[in-house]
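Bear in mind that the values in this text are calculations on the coordinates, not laboratory data. All of these numbers come straight from a predicted model, not from anything done at the bench. Note: ideal-geometry Cβ built from the backbone for every residue, glycine included; neighbour counts use all protein chains shown.
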C-alpha cells in the first residue's frame, strides 16, 4: 500500500543532490520519460539533474533504457495470420540492429558494474515473454514463453531477455543495486500514450528506489490500453495482461 506520492516532497527528496541519468536505447519513450522526470523535479522544486549523456558516478541514479518500441508507429506485420498487424517491417540490414543494441547495453552494464551507482533500473518490456500458448491469464514476472533465438523478427525480445539475465547476475554475484522494469507493450495512439507517462514514471521510480535488486517488475507502459480493449501478445494470438500487483505493492 503506497503511503506517499512520488511527487511528495519527502519521497522525491531522496534524489536531492543526485543526478538521474536516463541512458541506453533512443526511443520516444525515453524522450517522454526524461521530460516527465524534469517536470516532476520542478513541481516539487527538487534540485536534481536529469541527464541523458554522462559518465556514471557512484552517487547517480541510473535508468537504463532497453526497450525501443515506438508507440507512434503501429507495427504492420508480425506474428500469426490471425493477427497480421503485429509484424514489423524490416529494412535491409536491420538484422544487425540487435547486435549493436546488445553491445551498447552490455557496455553500459560494464560501467555500472565498475562504478556501482546508488541504484539502477533496466527498462525492458513484455516482448521478453515470447509466445504464450496457455489459456489467457495474468502474466507474472516469473513466467516466460518461447522465443526462437534464430528468428530475426524476435530479436527485440531476445536482446531484452539476455540483458535482463545479465542484470540479475550483476545483482546476485556482484552486489550491484539493479532491478528490472518490464513495460506493458500494447499499442495505441501517441496522444493516449503521452497521458500515461506520469503513471509509468512514478511506478518506474518506485521500482528504482524500492525494488529488490535482481528482480523484474511488470509496470504500466505508455501503451496501456483501457479495460474494455484486448491486449494481444506481440508474438502469439493469446489475450494477455501482465500482473502489475508486485510493482503496485512498492
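In nm, give the distance between the simple-model label positions of residue 146 and residue 52, each being 7 Å from the Cα along the Cα-to-Cβ direction.
The modelled label-to-label distance comes out at 3.9 nm.
Using per-residue counts of other Cβ atoms within 10 Å, averaged over each peptide, order 100-108, 59-67 from highest down.
Final packing ranking: 59-67, 100-108.
Based on the Cβ-Cβ distance from residue 174 to residue 13, what FRET efficiency comes out when R0 is 41 Å, to the nearest 0.05? Could you put the intermediate results ahead of the total?
Working: r = 29 Å, r/R0 = 0.70.
Computed FRET efficiency for residue 174 and residue 13 comes out at 0.90.
Just want the ordering: 26, 164, from fewest to most Cβ atoms lying within 10 Å of their own Cβ. Walk me through the intermediate numbers first.
Numbers: 26 10, 164 19.
Result, fewest neighbours first: 26, 164.
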